[in-house]
Amino acid sequence: MKWDRKYLLSIDDLSVEDIYEIFQTAKSMKEIIKRPIKKVPTLRGKNVCLLFYEPSTRTRMSFENACKFLSIDTISFSRETSSLKKGETFLDTLLNIEKMGVDLFVIRHSSSGILHYIRKFINSKIVNGGDGTNEHPTQALLDGFTILENKNRIESLKITIVGDILHSRVARSNIRLFKKLGAYIVLCGPPTLLPKEFENMGVEISYNLKEAIDNADVIYVLRLQLERQSSNFFPTVREYNELFGIKKDILKYAKKDVIIMHPGPMNRGVEIDSDVADSNYSLILNQVENGVAIRMSILYYMLV
C-alpha cells in the first residue's frame with residue numbers, strides 16, 4: 001500500500017483495502033516485538049512528537065514503544081510544563097514544535113474535531129490519538145486486528161458494544177470500522193448514555209443487556225467516563241453494575257466462544273467484574289500487545 005495522505009484522523013480516512021494492509025503489516029511488526037532485540041532501522045532519522053493534552057497510559061506508551069522499535073526519535077510533550085501555562089495557543093505550540101524538525105505528530109486533545117482544524121496550518125503529518133468524544137482510530141484498528149486474530153474474520157460477526165456510548169470516541173471509531181468490515185453491531189447501555197440518534201450509524205440499539213448479547217461473538221465493554229459527565233446519568237454505580245455490568249453468569253446468553261474486550265482503563269466491579277476480565281474469554285491484554293504492532297504499522301505507512 002502506498003500511503004499518499006498526511007493524516008489519520010478518522011476511520012473514514014481508510015478504505016477496506018487500507019485496513020487489511022495495516023493488519024497484514026502488523027503481523028510482521030508483532031514478530032519484531034517478540035525478538036530478543038526489538039529494534040529495526042526501518043525509520044531511522046524520522047522524528048515524531050507525542051503531543052498528549054489528556055492523560056494516557058496505553059496509547060502513549062504503545063506509540064513510544066512503536067517509535068523505539070522502528071528507530072524513530074521522539075519528542076514528548078507535557079502540557080503542565082509547556083508555554084501553554086504562559087498563554088501560548090495550541091496552534092502556536094504546534095507551529096513552534098514543527099520547526100524543530102518534526103515529521104509527524106501524534107495528538108490527543110479534549111476538543112472534538114480540533115485536529116481537522118489544525119491540519120490546515122501544519123505541514124507535518126498527523127495521527128489522531130483521540131480527540132474529545134469524536135474518534136480514536138488507532139484503537140479501533142488494534143481492536144479489529146485482535147478480533148481478526150481470534151475469529152479469522154470480522155464480516156457477519158455480531159459485536160455488542162456495552163457501556164457509556166455517549167461519551168466514547170472508541171465506540172464511534174469502532175462502529176465505523178466494524179461496519180466497514182461487515183460486522184453486525186448492537187449498542188447497549190442505559191438510555192441516558194445511549195441516545196436514539198446512534199441508530200443513524202446503522203446499528204441496533206438495545207437497553208436490555210441479556211437481549212443485546214444474545215448470540216454475540218464479541219462483547220466490547222466500555223468504561224463509564226465519569227470525568228466527561230457533567231450530570232448524573234444513572235442513579236448509582238452499583239445499579240449500573242447490576243443492570244449493565246459484564247458478569248460471568250451473563251455470558252451464558254452469548255456464544256460459547258464469545259470474546260471479551262475493553263479499551264482500558266477498566267473500572268473493575270463497575271462495567272466489568274474481575275472474574276470476567278481475568279478469564280479465558282478476555283482478550284484485553286492481547287489488545288494491549290496488538291496496540292504496539294498496529295501503531296508500528298501505521299507509523300511505517302505514514303513515514304516510509
*Assess whether S78 counts as being among the polar types (S, T, N, Q) and either under 20 Å from N174 (Cβ atoms) or out of contact with any strand residue (DSSP E or B) (no Cβ under 9 Å at 6 or more places or on another chain) (or both).*
no
*asked:* Looking at region 198-205, can you tell me whether even one residue there is within 30 Å of M61 (Cβ to Cβ) and not in a helix (DSSP H, G or I)?
replied: no
*Could you list, in sequence order, the residues of region 66-80 that are at pLDDT below 95 and either closer than 18 Å to S110 by Cα or among the basic types (K, R) (or both)?*
S76, F77, S78, R79, E80
*asked:* Cβ contacts < 7 Å: first residue closer than 23 Å to S156 by Cα, restricted to region 186-209; second residue basic (K, R) and not in a strand (DSSP E or B), any location; separation 6+ or different chain. Result?
replied: G202/K179; I205/K196
*How many residues are within 15 Å of the chain's Cα centre (by Cα) and in a helix (DSSP H, G or I) if we restrict to region 138-175?*
17
*Specify the residue that is nearest to S28 (Cα to Cα); the eligible residues are those in region 128-174 that are of a type in the set (S, T, Y) and in contact (Cβ under 8 Å) with a residue 40 or more places away in the chain.*
T146
*asked:* Among the residues in region 118-128, are any closer than 16 Å to S168 by Cβ, within 24 Å of the chain's Cα centre (by Cα) and surrounded by 15 or more Cβ atoms within 10 Å (Cβ to Cβ)?
replied: yes
*Regarding T25, is this residue in contact (Cβ under 8 Å) with a residue 60 or more places away in the chain, assigned to a loop (DSSP other than H, G, I, E, B), touching a helix residue (DSSP H, G or I) at 6+ places or on another chain (Cβ under 8 Å) and not assigned by TED's automatic domain parsing to the domain that holds E149?*
no
_Subset of region 7-65 [surrounded by 13 or more Cβ atoms within 10 Å (Cβ to Cβ), of a type in the set (G, A, S) and either modelled with pLDDT under 95 or over 21 Å from L148 (Cα atoms) (or both)]_ = S56
*Any idea which of (1) in contact with a strand residue (DSSP E or B) (Cβ under 9 Å, 6 or more places away or on another chain); (2) assigned to a helix (DSSP H, G or I); (3) among the aromatic types (F, W, Y); (4) without any contact (Cβ under 8 Å) to a residue 60 or more places away in the chain is the one Y117 doesn't satisfy?*
(1)
*Selected residue [under 19 Å from L9 (Cβ atoms) and at pLDDT below 95] from S124, S168, S110, S173*: S110
*Would you check if there is a residue in region 265-288 being in contact with a Lys or Arg (Cβ under 7 Å, 6 or more places away or on another chain), over 18 Å from R60 (Cβ atoms) and of a type in the set (A, V, I, L, M)?*
yes
*Taking the condition over 30 Å from I114 (Cβ atoms) and not assigned by TED's automatic domain parsing to the domain that holds R60, does S274 pass?*
yes
*Tell me which residues, restricted to region 154-207, are farther than 15 Å from I19 by Cβ and of a type in the set (D, E, K, R).*
K158, D164, R169, R172, K196, E197, E199, E204
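The values are calculated or read from the model by the stated rules, or taken from the named source; none is laboratory data. Values in this document were obtained by computation on a predicted structure and should not be read as measured data. Heads up, the Cβs are rebuilt from the backbone with ideal geometry, glycines too, and the neighbour counts pull from every protein chain shown.
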